[in-house]
Amino acid sequence: MGNHMKQTRVVKRILRQRETGVSLLELMITLGIGMVLVAMATPLVNTTINIYRLRGAGSDYVNLLQRTRMRSVSDDIYYPVYASTTAGIVGGWGGLNAFADLNSLGGTTGNYANAPTADLGIAFNHAAVVLQPRAAAPGTANLYTRFMPGIQPNVVTINPNDNWSAAGVTVVTFGPRGLPCYLAAAPPGGTCAYTFPNANAPQPIAYEVFMQNVRTGAWEAVTVNPAGRIREWRYNVGDGTWQPLD
């Protein structure tokens with residue numbers, strides 16, 4: 001009988017201990033560990049998000065150029081692709097950062113009566129990613145050798161439409177052969193030549209378009225070589241070179 005009562009008291013004591021749960025100290029320690037883990041993970045998550053914002057903008061722009069290039073061939077006409085991050089201009093484009101001017105009426109800024117259609121337009125959807133002028137980009141000499149290997153400098157004309165496009169607006173043009181071409185003046189009108197009238201000899205056409213995540217400082221580039229190949233690149237700060245993404 002005595003042993004039975006002792007066992008009963010032990011069981012009751014165990015049950016009371018179980019009912020007490022965790023102490024306030026244990027709860028605070030657990031919450032503290034959780035907050036530290038969240039604080040450690042937040043920068044990594046933000047960095048990953050910013051990488052994909054820049055990568056997504058570059059990929060969308062590459063796809064837009066590819067679709068416009070194929071449309072130029074199928075329609076047997078040249079088409080310009082306008083790109084900008086200037087707030088006023090983008091507002092005039094219905095919030096699009098880049099679009100294909102299928103009417104060839106864009107002028108120097110791309111603002112015209114018939115608004116660009118979303119099926120051949122893209123929006124970066126975040127203020128962190130902006131287009132940058134070629135003069136501000138790093139390692140342009142290295143990029144030239146990467147997307148046009150074996151071609152000497154100054155024998156290919158880069159971004160010839162900068163001669164007439166407005167500040168902050170980049171215009172890439174494709175002709176009916178699917179090759180990059182040069183407009184002597186802003187659309188509409190005129191023809192799109194596959195060579196640039198250099199003083200010594202006509203030069204092939206190529207394009208370089210740069211974009212940057214202004215929050216992280218990371219750079220990407222989209223290039224079109226004279227043969228019409230479109231590629232996406234990222235800038236490696238460690239060794240100062242451009243690495244292909246496709």
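At pLDDT below 95 and under 25 Å from Ser74 (Cβ atoms): does that describe Pro226?
In short, no.
Residue pairs whose Cβ atoms lie under 8 Å apart, separated by 6 or more positions or on different chains, with the first residue in the stretch 62-78 and more than 15 Å from Ala227 (Cα to Cα) and in contact (Cβ under 8 Å) with a residue 60 or more places away in the chain and the second of a type in the set (Val, Ile, Thr) and surrounded by 16 or more Cβ atoms within 10 Å (Cβ to Cβ), are Val62/Val222; Val62/Ile230; Thr68/Val81; Tyr78/Thr173.
Only one of the numbered conditions (1) of a type in the set (Phe, Trp, Tyr); (2) at pLDDT 85 or above; (3) within 13 Å of the chain's Cα centre (by Cα); (4) not in a helix (DSSP H, G or I) is violated by Tyr82, and that is (3). For Pro160, the conditions (1) touching a strand residue (DSSP E or B) at 6+ places or on another chain (Cβ under 6 Å); (2) free of Cβ contacts under 8 Å to residues at least 40 places away in the same chain are fulfilled apart from (2). Exactly one residue among Gly150, Gly175, Gly121, Gly139 is of a type outside the set (A, V, I, L, M, F, W, C), touching a strand residue (DSSP E or B) at 6+ places or on another chain (Cβ under 7 Å) and modelled with pLDDT under 95, and that residue is Gly121. Among the conditions (1) surrounded by fewer than 13 Cβ atoms within 10 Å (Cβ to Cβ); (2) under 24 Å from Arg71 (Cβ atoms), the only one that Val237 does not satisfy is (2).
Restricting the stretch 120-138 to residues that are out of contact with any Leu (no Cβ under 8 Å at 6 or more places or on another chain), part of a strand (DSSP E or B) and of a type outside the set (S, T, N, Q) leaves a set whose member that is farthest from Val214 (Cα to Cα) is Leu131. Applying the condition of being in contact (Cβ under 8 Å) with a residue 24 or more places away in the chain and assigned to a loop (DSSP other than H, G, I, E, B) to the stretch 139-157 and asking which residue is nearest to Phe210 (Cα to Cα) yields Gly139.
Cβ-Cβ contacts under 6 Å between residues 6 or more apart (or on different chains), taken from a first residue in the stretch 80-99 that is more than 29 Å from Tyr194 (Cβ to Cβ) and among the aliphatic types (A, V, I, L, M) to a second residue that is buried (at least 24 other Cβ atoms within 10 Å of the Cβ) and at pLDDT below 85, are absent. Of the residues Arg177, Arg134, the single one that is at negative phi, buried (at least 16 other Cβ atoms within 10 Å of the Cβ) and touching a helix residue (DSSP H, G or I) at 6+ places or on another chain (Cβ under 9 Å) is Arg134. Would you be able to say whether some residue in the stretch 193-215 is within 24 Å of the chain's Cα centre (by Cα) and in a loop (DSSP other than H, G, I, E, B)? Scanning the stretch 193-215, I find at least one residue that is within 24 Å of the chain's Cα centre (by Cα) and in a loop (DSSP other than H, G, I, E, B), so the answer is yes.
The values are calculated or read from the model by the stated rules, or taken from the named source; none is laboratory data. A quick note: this is a predicted structure, and the numbers were derived from the prediction, not measured. Cβ sites come from the backbone with ideal geometry, for glycine too, and all protein chains shown count toward neighbours.
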